[in-house]
1. Is there any pair with a first residue in the range B:68-87 that is among the hydroxyl-bearing types (S, T, Y) and a second that is surrounded by 14 or more Cβ atoms within 10 Å (Cβ to Cβ) whose Cβ atoms are under 7 Å apart and which are 6 or more apart or on different chains, and what are they?
2. Out of (1) more than 14 Å from DNA strand D (Cβ to nearest atom); (2) over 26 Å from B:T33 (Cβ atoms), what's the single condition that is false for A:S44?
3. Looking at the range A:134-158, I want the residues that are part of a helix (DSSP H, G or I) and of a type in the set (D, E, K, R) and have a partner that is modelled with pLDDT of 85 or more and surrounded by 14 or more Cβ atoms within 10 Å (Cβ to Cβ) with Cβ atoms under 7 Å, at least 6 apart or on another chain. Which pairs are those?
4. Considering only residues that are among the β-branched types (V, I, T) and facing chain A (nearest Cβ under 7 Å), look in the range B:17-43 and name the one that is surrounded by the most Cβ atoms within 10 Å (Cβ to Cβ).
5. Working only within the range A:49-106, note down all residues that are near DNA strand D (Cβ under 8 Å from one of its atoms), surrounded by fewer than 12 Cβ atoms within 10 Å (Cβ to Cβ) and not in a helix (DSSP H, G or I).
6. Identify all residues within the range B:128-151 that are more than 7 Å from chain A (Cβ to nearest Cβ) and at pLDDT 90 or above; write none if there are none.
2 protein chains.
Amino acid sequence: MNDTGASRSSDQNDLGNKERLRLWIRLLRASRTIENELRLRLKSRFDMTLPRFDVMAALNREPEGLLMSDLSRFLLVSNGNVTVIVDRLVTDGLVVRSSREGDRRTSIVRLTDAGLTLFRQIATEHEKWVGEMLGGIGDEEARHLATILKSFRSNWET
Amino acid sequence: MNDTGASRSSDQNDLGNKERLRLWIRLLRASRTIENELRLRLKSRFDMTLPRFDVMAALNREPEGLLMSDLSRFLLVSNGNVTVIVDRLVTDGLVVRSSREGDRRTSIVRLTDAGLTLFRQIATEHEKWVGEMLGGIGDEEARHLATILKSFRSNWET
DNA sequence: CAGAATTATTTCAAGTATGAAGTTTTAAGG
DNA sequence: CCTTAAAACTTCATACTTGAAATAATTCTG
């Protein structure tokens, strides 16, 4: 096989790891920068927090509603966390919990009309903000990057 | 003076915004996935949390030490947050605060010997983990991606 | 130099966030 | 049936995080 020593065997070598570590740090800094800015704008313009907006955005994609555990899985946050955030949104009248026929354990969460209306207002601005912040990345490049990030997931979790 | 209507004026159009919004969501999910996995491994293997490790990593790059405000700026977290995390690391004997000659407001934070030793142990594993998780991304692609993410920063902040 | 502005940090209340333990409900295996 | 297991949530202790207000030291300005 290959015994020239010019390249390593199948798995990642140290040089590659260093490169990937740098990439991870940049990725983390990029998302923190964007998150911080979005949090600031959501707060000042809509008195809304990022976690609550995230839940509303997830619910907006599913008019039928989502289980608490679906929200947890989709948003990649813990079950206990979802409970607290949804409680807050219920208090604010933006979402409702309803039990499902035949299973009294589950509770389906849906946007209320008020929630949907508010979400649409915010989402319009939100999309513009993100477009603005990522404006330095070209169209094709954005598509390319999104493709890479989509396919990388969970390669390490057997 | 483009009046053909075939293309938009200088700034981003709606289609581009949609593309960038998708990119942002992928970016966020990617970093959350990696963060969650790293948190799990740091906890189980070293009984260490991610924020504490982040502070130690920042301090490791600066043997002279860093001001609290430097840490805040570099890690993109609030000042109050840095205070709590550093307090914890001081309690654990991993870092020390020392005041700077001539300015009694500031406190310089440094890794202790124990902190440095522990950091090096963890960092070795940490780098391998990241290399593993990002293993699906090729070497040149990682470099390319890192370049994009580096240069995009703060385009919107005047 | 005195007062005002700035800088560096801490404190605090409120809001996330996790993971473990507990509750209620449903499903599964004898 | 009747235990035992599994599933869906909630509750709780602990930890992180922000942003605003407080504290303290330094610098600026008239």
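The values are calculated or read from the model by the stated rules, or taken from the named source; none is laboratory data. Treat the numbers as computed from the prediction; the structure is a model and nothing was measured. Ideal geometry is used to build each Cβ from the backbone, glycine not excepted, and the neighbour counts take in all protein chains shown.
1. Correct list of pairs: B:S72/B:V82; B:S78/B:S72; B:T83/B:M68.
2. Looking at each condition in turn, A:S44 falls short on (1).
3. A:D139/B:E19; A:E141/B:I148; A:R143/B:E19; A:K150/B:R26
4. Of the residues in the range B:17-43, the ones among the β-branched types (V, I, T) are B:25, B:33-34.
Checking which are facing chain A (nearest Cβ under 7 Å) leaves us with B:33-34.
Values: B:T33: 18, B:I34: 20.
Taking the candidates together, the pick is B:I34.
5. Once the filter is applied, which keeps residues that are near DNA strand D (Cβ under 8 Å from one of its atoms), surrounded by fewer than 12 Cβ atoms within 10 Å (Cβ to Cβ) and not in a helix (DSSP H, G or I), the range A:49-106 yields A:S78, A:D103, A:R105.
6. If the condition is that a residue be more than 7 Å from chain A (Cβ to nearest Cβ) and at pLDDT 90 or above, then B:W129 is the only one that fits.
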